[in-house]
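First up is the structure itself, then whatever we jot down about it.
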Amino acid sequence: MAELDYKTLLESNSYLRNLSDTTYWLCITRTVQESKLFPMNPYMLLSYLNSFYTLPTLLREIDAALPAEELGDRAREVSLKVNTVNAAWAMPTFYLLGREMLMNWGLLRPTDAVEDVVDVLDFSRRFNLAYHRNDAHVSNKEFGDRSQFLPERTLQVLEADLHGVNPGDRLHSAAVKLLAQLSQYAFLAHCECRIGLHNSGPYNFGENRQMIVRDFFELTEGDYPWLDGIATRLPFPNLTIPLVFRNTNFHLMDDWASFEAEPSYDAANIVAVGMYTSDALSDGYLPVGMDNADALAETMEAYREILNEATADLWKRIATWTREQMIDAGALVYSSVVKDFAHVAGTYRQDDWLLLDDRVQRFKPLMNDEYGRDNLAELVGLLGLPQQKANEYTMARYSGLNQHTLTGIPYSVLVDNDYAPTCGDALSGATSLEVKTGLWSTTAGRLELDEFNRRAREFRPAVLAEPYRFLDEEWVKWHHNDPRADELYRLGQRGSRNLADRGAGLRRADLPRAD
Amino acid sequence: MSDSAPAAPKWGSVEMLPMSARFNSAVREAAATRLANLDGAWQDIVFARQFELFSRADAEAVEQAVLDTGYRFQSSATASLRDEPHKYKQPERAAAGFSEGELSDGRRQVGVGDNVIRKSATVVGPVALISQIEQVMAYLADGVPPGTIAVIDDSGGTLTAPILEGFAGVICLGGTIRSHLGILAREYDVPTLMNCRIDALRDGDTVEIEVTIAPPAADAYETGDTGHARIWKIESGG
């Protein structure tokens with residue numbers, strides 16, 4: 001548990017204010033989504049409340065098993081669902097938005113649950129700093145709307161191994177169609193929200209080329225009960241598709257992991273593509289169908305067919321849901337946004353993440369569509385809740401108005417004691433959805449939960465074991481001739497078609513060209 | 001008696017929108033009344049006695065108080081109207097968002113929107129108005145007739161998820177080019193106009209969508225520089 005002292009509060013409030021500013025910018029400029037199928041606004045509001053009541057307890061257990069900094073190290077090396085949009089932005093923001101709602105209702109004061117607030121912010125900051133270690137920023141916004149997580153050893157493997165494509169060839173078509181199907185399916189599996197998709201980068205690939213990394217998560221049986229029996233022919237739960245573009249500048253990669261490009265994203269400008277998978281049990285990215293261009297095209301076509309069928313199957317299942325089931329599913333998708341921390345730490349329990357807390361259930365009668373729409377608009381757009389206003393001299397970042405999305409922690413907690421320091425750690429909830437019965441699909445096969453947790457507790461990626469964990473890019477700069485650098489790079493080159501065992505001495509000019 | 005409720009925040013007064021103002025004020029009043037009747041300090045009540053401070057029954061009473069006035073809520077999800085019809089207004093036929101233009105060369109302009117993907121030619125086809133799960137289910141079973149241009153009032157990607165790529169074009173009556181439907185249209189390369197305002201269209205009307213126009217600029221939704229792609233209805237004899 002973080003110390004409650006002046007230094008900690010200063011840092012916590014600064015981190016909170018940055019989240020507040022970034023959230024405002026995202027909601028105002030990047031389009032808050034609505035849906036005719038899912039009652040999104042009600043479920044979003046309920047998810048914030050669920051995060052408030054459950055997240056601190058769950059994060060403390062996870063942090064004790066595997067500290068936030070090490071979780072950041074893991075998330076940096078491969079594509080985990082605890083990423084930019086889910087862990088870096090959504091986790092602390094949803095928690096704090098729940099806090100805003102309760103304060104607005106007079107059911108919480110800004111000093112209450114101060115230990116919970118400080119712990120959530122502390123965990124978030126430590127995770128983000130480690131996650132962003134290679135670009136040394138704490139958020140995409142702080143990096144100017146960019147993210148560069150990957151080290152050179154991984155980037156070189158991608159540059160060497162991605163397959164060159166031209167519009168109209170089999171692999172280009174297969175990749176474009178699979179990306180469309182993955183995006184479609186991810187929105188549906190996640191009740192219209194975008195947390196199943198992730199983009200990062202860009203990375204400079206020279207000669208007016210940039211690479212972005214596109215990730216898609218939770219594609220088959222796992223934590224979501226509604227995916228039991230869906231897409232079971234897919235061998236992996238997650239897919240990562242790096243894409244190299246020519247003549248396209250990805251000038252914005254925001255904290256929702258969405259991008260803007262100039263000229264606009266155009267599949268005709270894709271010049272190289274690959275496919276990988278990773279999860280809590282994989283030792284780095286595992287190549288999928290990467291032996292040659294035809295094998296990759298064939299694999300992508302097969303996955304597209306599986307996911308096309310899965311989209312129809314899942315849609316038919318969801319079409320039978322009641323309004324309450326749609327709301328429960330959406331609220332749980334959102335409030336369980338960092339459940340994969342528990343998978344990585346080996347502490348995952350289904351009831352921790354896929355039940356709507358009893359303290360939240362009591363607010364459901366308020367959540368009709370109109371109130372949901374209007375209260376969400378007040379909370380993240382208009383900033384019209386009375387406590388979101390600041391003194392009249394204030395000029396907030398981006399809006400220039402006297403308002404902030406998120407309320408800080410009063411420093412009076414250091415001298416007063418008229419607050420309850422935590423909301424408590426007893427979790428109890430319910431769901432209107434069917435109970436999960438299927439297995440968990442992982443890179444190590446389909447597992448029972450106990451086995452998944454056991455393997456996760458025992459696993460540590462080779463590049464994070466001694467002596468490699470703290471041998472970062474700055475160290476490589478001065479020690480690229482050191483045997484440890486070669487060993488580290490060879491670990492990253494395992495499974496590479498073109499760079500296996502090549503070591504740390506390569507520059508771009510030494511790499512085979514894909515296009 | 002417990003601590004009294006704190007004063008209202010100094011620099012804010014009440015919410016800006018009517019339903020949030022109404023509900024949130026009602027919750028605040030209910031909680032303040034309960035607090036005044038509970039013994040103990042705030043810090044011993046806020047979590048330890050939170051269900052006494054506000055319960056599910058209190059939330060139901062807030063909702064019922066509004067319904068008792070005869071008010072019915074605006075719906076957004078079709079499941080809300082389907083499952084709780086007594087709580088929601090029946091959807092009204094939307095007022096035309098565009099005044100149709102003059103007939104010229106056999107076509108009349110009936111709307112505008114924002115183009116997602118610039119194409120080399122406009123797209124012409126018969127309209128299908130799609131807003132219900134049952135319609136999507138029917139298309140899933142029977143297939144989408146070739147050349148169909150869907151008119152959808154949902155900017156999300158899930159209502160039409162299993163059939164989107166079967167459309168020759170999409171007219172979406174909401175959202176922006178960055179909405180999920182806009183993202184998917186780009187991924188599937190389905191000619192699509194988002195943020196459309198149209199005059200009334202009926203199933204079977206033949207329309208032409210101007211997907212040859214450039215997409216809006218990056219800041220268009222902040223500056224209001226939108227709505228440049230035109231939608232025409234092709235009229236017989238044209």
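Per-structure values
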quantity: Residues (free of Cβ contacts under 8 Å to residues at least 12 places away in the same chain, more than 8 Å from chain A (Cβ to nearest Cβ) and of a type in the set (A, V, I, L, M)) located in segment B:132-155; calculated: B:138, B:141
quantity: Single match in B:107, B:93, B:72 (criterion: more than 8 Å from chain A (Cβ to nearest Cβ), within 25 Å of the chain's Cα centre (by Cα) and modelled with pLDDT under 95); calculated: B:93
quantity: Selection from segment B:196-238 of residues that are in contact with a Ser or Thr (Cβ under 6 Å, 6 or more places away or on another chain) and acidic (Asp, Glu); calculated: B:208, B:210
quantity: Top-ranked residue of segment A:236-249 - restricted to ones that are surrounded by fewer than 23 Cβ atoms within 10 Å (Cβ to Cβ) and either of a type in the set (Lys, Arg) or touching a residue at least 60 places away in the same chain (Cβ under 8 Å) (or both), ranked as nearest to the other protein chains (Cβ to nearest Cβ); calculated: A:241
quantity: Qualifying residue in segment A:463-472 (condition: over 30 Å from residue A:225 (Cβ atoms) and among the aromatic types (Phe, Trp, Tyr)); calculated: yes
quantity: Residues of segment A:404-422 that turn out to be farther than 29 Å from residue A:384 by Cβ and more than 12 Å from chain B (Cβ to nearest Cβ), as a count; calculated: 2
quantity: Segment B:63-110, subset among the polar types (S, T, N, Q) and in contact (Cβ under 8 Å) with a residue 40 or more places away in the chain, residue nearest to residue B:233 (Cα to Cα); calculated: B:109
quantity: Sole residue being surrounded by 18 or more Cβ atoms within 10 Å (Cβ to Cβ) and not in a helix (DSSP H, G or I), chosen from A:145, A:135, A:122; calculated: A:145
quantity: Qualifying residue in segment B:23-44 (condition: surrounded by 14 or more Cβ atoms within 10 Å (Cβ to Cβ), of a type in the set (A, V, I, L, M) and free of Cβ contacts under 8 Å to residues at least 12 places away in the same chain); calculated: no
quantity: Any hit, segment A:391-399, residues being surrounded by 23 or more Cβ atoms within 10 Å (Cβ to Cβ) and either among the small types (Gly, Ala, Ser) or more than 7 Å from every other protein chain (Cβ to nearest Cβ) (or both); calculated: no
quantity: Hits in segment B:173-199 - residues which are within 11 Å of chain A (Cβ to nearest Cβ) and of a type in the set (A, V, I, L, M, F, W, C); calculated: B:173, B:177, B:181, B:183, B:184, B:185, B:190, B:194
quantity: Where a residue in segment A:6-21 is within 17 Å of residue A:381 (Cα to Cα) and its partner, wherever it lies, is buried (at least 18 other Cβ atoms within 10 Å of the Cβ) and hydrophobic (A, V, I, L, M, F, W, C), with Cβ under 6 Å and at least six apart; calculated: A:20/A:406
quantity: Members of segment B:189-214 that are surrounded by 22 or more Cβ atoms within 10 Å (Cβ to Cβ) and either among the acidic types (Asp, Glu) or at negative phi (or both); calculated: B:190, B:191, B:192, B:193, B:194, B:196, B:198, B:207, B:209, B:211
quantity: Matching entry among B:166, B:224, B:175 (being over 16 Å from the mean Cα position of the chain (by Cα) and at positive phi); calculated: B:224
quantity: Subset of segment B:59-80 that is buried (at least 19 other Cβ atoms within 10 Å of the Cβ) and out of contact with any Pro (no Cβ under 8 Å at 6 or more places or on another chain) - its residue that is farthest from residue A:192 (Cα to Cα); calculated: B:66
quantity: Failed item, numbered, when residue B:59 is tested on (1) part of a helix (DSSP H, G or I); (2) more than 9 Å from chain A (Cβ to nearest Cβ); calculated: (2)
quantity: Qualifying residue in segment B:81-92 (condition: in a helix (DSSP H, G or I), in contact with a helix residue (DSSP H, G or I) (Cβ under 8 Å, 6 or more places away or on another chain) and crowded, with 19+ Cβ neighbours inside 10 Å); calculated: no
quantity: Residue satisfying condition, being without any contact (Cβ under 8 Å) to a residue 12 or more places away in the chain and under 30 Å from residue A:325 (Cβ atoms), within set A:434, A:392, A:451; calculated: A:451
quantity: Residue in segment A:44-59 that is more than 14 Å from chain B (Cβ to nearest Cβ), part of a loop (DSSP other than H, G, I, E, B) and either surrounded by fewer than 24 Cβ atoms within 10 Å (Cβ to Cβ) or at pLDDT below 95 (or both) present; calculated: no
quantity: Hits in segment A:315-331 - residues which are farther than 14 Å from residue A:40 by Cβ and buried (at least 23 other Cβ atoms within 10 Å of the Cβ); calculated: A:315
quantity: Residue selected from segment A:266-292 under the condition of a type in the set (A, V, I, L, M, F, W, C) and over 14 Å from residue A:176 (Cα atoms), by the criterion surrounded by the most Cβ atoms within 10 Å (Cβ to Cβ); calculated: A:280
quantity: Hey, residue A:36 buried (at least 22 other Cβ atoms within 10 Å of the Cβ), without any contact (Cβ under 8 Å) to a residue 12 or more places away in the chain and either over 25 Å from residue A:200 (Cβ atoms) or more than 19 Å from the chain's Cα centre (by Cα) (or both) or not; calculated: yes
quantity: Test result for residue A:400, in a loop (DSSP other than H, G, I, E, B), at pLDDT 95 or above and under 30 Å from residue B:45 (Cβ atoms); calculated: no
quantity: Helices (runs of 4 or more DSSP H) completely within segment B:1-53 that count 3 or more residues being more than 7 Å from every other protein chain (Cβ to nearest Cβ); calculated: B:18-36
quantity: So residue A:377, is it assigned to a loop (DSSP other than H, G, I, E, B), within 9 Å of chain B (Cβ to nearest Cβ) and closer than 21 Å to residue A:50 by Cβ; calculated: no
quantity: Residue check for residue B:130: crowded, with 17+ Cβ neighbours inside 10 Å and touching a Lys or Arg at 6+ places or on another chain (Cβ under 6 Å); calculated: no
quantity: Check on residue A:99, more than 14 Å from chain B (Cβ to nearest Cβ), among the basic types (Lys, Arg) and touching a helix residue (DSSP H, G or I) at 6+ places or on another chain (Cβ under 7 Å); calculated: no
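Residue-wise test of (1) of a type in the set (A, V, I, L, M); (2) in contact with an Asp or Glu (Cβ under 7 Å, 6 or more places away or on another chain); (3) in contact (Cβ under 8 Å) with a residue 12 or more places away in the chain.
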| position | (1), (2), (3) |
| --- | --- |
| B:191 | no, no, yes |
| B:197 | no, no, yes |
| B:202 | no, no, yes |
| B:224 | no, no, no |
| B:232 | no, yes, yes |
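The values are calculated or read from the model by the stated rules, or taken from the named source; none is laboratory data. Because the structure is predicted, anything quoted here is derived from the model rather than measured. All Cβ positions, glycine included, derive from the backbone under ideal geometry; neighbour counts span all protein chains shown.
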